[in-house]
Amino acid sequence: MRRYALVTGGSRGIGRAIALRLASNGIPVVINYQSNVEAALAVKSEIESAGGEAELLPFDVGNLNEVESAIDKWESAHSEDYIAYLINNAGIRRDGMMFMMGNDDWHDVLNTSLNGFFYVTRKLITKMMMRKHGGRVVNMASFSGVEGVAGQTNYSAAKAALIGATKALAKEVAPRGVTVNAVAPGFIESDMTRDLNEEELKQTIPMRRFGKAEEVASLVAYLVSDESSYITGEVININGGL
Ligand code: NAP
């Protein structure tokens, strides 16, 4: 029986760094993505060139049917293995002041971050972790969900809800040896933050720089390691002092 990690949105940015880091720690990694197959293949080959193991599992985390059928397919092909480490990282931004926000911008952001977390985690918690006694869930929240950011009511709401779900689920599954934690990054260099005015924003950050995806990946690697076995239901900020 082998323990795999599933990283949703593992093809780019923070998810990519997490996939590379977990693989370098000897964990076989399942890289989920939605549409950018070239980016996902590049991560897979980077992991393999470094001697690690990776496979691709595309699905839209916000589409229940896709989630269920992709994970069922994975399970059928891996009857001896299970996904013991789940990193709910897939997320999108659709910023705008609330008085101008369209219905789709509200629903799409909540659907990806929050419903995506629910669909994937419910499937793996019930089908794999609970029966096998042990596992780790790490949810990618955000500074925006902890503090609230103007222009991001949709994103702040999704990430704040994810934090609530993290704390509640942690209490449900703790007796079965499963830990559930959230990571709340501030500004991290990635495609998601490429359109922001970095020069201006970094003046608001005590460390005067954006974080690196690898710095977030180190924290996630800690949360899935044996070193963090007594930490659950926590939200760990990683934001340069923001
Ligand atoms: P990113 O560079 O835009 O990458 C997003 C990743 O998520 C891609 O791999 C993308 O896949 C995938 N994805 C998007 N929608 C998906 C869906 N419906 N189903 C499956 N995969 C999907 O974003 P990032 O900056 O790395 O952010 C990763 C996470 O960290 C997000 O949850 C974000 O909210 C959170 N976060 C980021 C920052 C930051 O400053 N960057 C700060 C706080 C929190 P494709 O390549 O197929 O599109």
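Among the numbered conditions (1) of a type outside the set (Phe, Trp, Tyr); (2) more than 10 Å from the ligand (Cβ to nearest atom); (3) within 20 Å of residue 223 (Cβ to Cβ); (4) in contact (Cβ under 8 Å) with a residue 60 or more places away in the chain, the only one that residue 16 does not meet is (2).
Taking helices (runs of 4 or more DSSP H) as the structural unit, those lying wholly within region 35-111 and holding at least 1 residues that are basic (Lys, Arg), on the phi < 0 side of the Ramachandran plot and exposed (fewer than 15 other Cβ atoms within 10 Å of the Cβ) correspond to 64-77. Scanning region 1-42 for residues that are closer than 17 Å to residue 189 by Cα and of a type in the set (S, T, N, Q) returns a single hit, 11. In the set 137, 146, only one residue is farther than 14 Å from residue 4 by Cα and aliphatic (A, V, I, L, M); that residue is 146.
Look at residue 14 and say whether it is among the aliphatic types (A, V, I, L, M) and over 14 Å from the mean Cα position of the chain (by Cα). No. Selection over region 165-186 of residues that are out of contact with any Ser or Thr (no Cβ under 7 Å at 6 or more places or on another chain), in contact (Cβ under 8 Å) with a residue 60 or more places away in the chain and buried (at least 23 other Cβ atoms within 10 Å of the Cβ) gives a count of 1.
Here 82, 4 are screened, and the one residue that is farther than 19 Å from residue 141 by Cβ and at pLDDT below 95 is 82.
The values are calculated or read from the model by the stated rules, or taken from the named source; none is laboratory data. This structure is a prediction, so every number in the text was calculated from the model and none was measured. Cβ: placed from backbone, ideal geometry, glycine included. Neighbour counts: every protein chain shown.
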